[in-house]
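The values are calculated or read from the model by the stated rules, or taken from the named source; none is laboratory data. Everything quoted here is computed from the prediction, not taken from an experiment. Ideal geometry is used to build each Cβ from the backbone, glycine not excepted, and the neighbour counts take in all protein chains shown.
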Amino acid sequence: DYDAQGRAILPGIYADWVAGADNWLGDLVVCETAKKEKRPWQITNPVPGTVIHLDPDLPGSGARLLLQANQQGVRWDCGTLEIVDDAGQPVALLKPGRHTLRAEDPATGETRRTFVIVHPE
């Protein structure tokens, strides 16, 4: 389908791509707005199964992992790693082992989990 300006109408799932820098079609495409699809939030870093090797040549052996989600204000928790605030960003202080990280949206109580495997130096 096309809108009144002749632009191709794409499903809402493409909204991020249409709005982003990778959209090489520019204003030749637009996304549906009538259906306003709500996508569930997710952990964006680290992805599940991330393998990290601590490196003595890096500051702090590279033992700091930035935690990110595409939802504002999530709270992070890990039973085996300390999580600290670094200038407003949650960071896990890494040590060898397999670690499960949990993010919770305090507004809804929804949680997401991911895990990392950390190898020693």
For the range 81-93, what are the residues that are surrounded by fewer than 15 Cβ atoms within 10 Å (Cβ to Cβ) and in a loop (DSSP other than H, G, I, E, B)?
ALA87, GLY88
Of (1) farther than 16 Å from ASN45 by Cβ; (2) part of a strand (DSSP E or B), GLY73 satisfies all except one. Which?
(2)
In the range 94-106, anything over 18 Å from the mean Cα position of the chain (by Cα) and either surrounded by fewer than 17 Cβ atoms within 10 Å (Cβ to Cβ) or outside the structural domain of SER61 (by TED's automatic domain parsing) (or both) is listed as LYS95, PRO96, GLY97, ARG98
Confirm whether THR50 is modelled with pLDDT under 95 and of a type in the set (S, T, N, Q).
no
So which residues in the range 48-70 are touching a residue at least 12 places away in the same chain (Cβ under 8 Å) and in a loop (DSSP other than H, G, I, E, B)?
PRO48, GLY49, LEU54, ASP55, PRO56, ALA63, LEU67, ASN70
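For the range 94-108, which residues satisfy the criterion of being of a type in the set (Gly, Ala, Ser) and assigned to a loop (DSSP other than H, G, I, E, B)? Outline the logic, then answer.
Restricting attention to the range 94-108, the residues satisfying the condition of being of a type in the set (Gly, Ala, Ser) are 97, 103, 107.
Within the range 94-108, just ALA107 meets the criteria.
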Would you be able to say whether some residue in the range 31-47 is surrounded by fewer than 16 Cβ atoms within 10 Å (Cβ to Cβ), free of Cβ contacts under 8 Å to residues at least 40 places away in the same chain and among the small types (Gly, Ala, Ser)?
yes
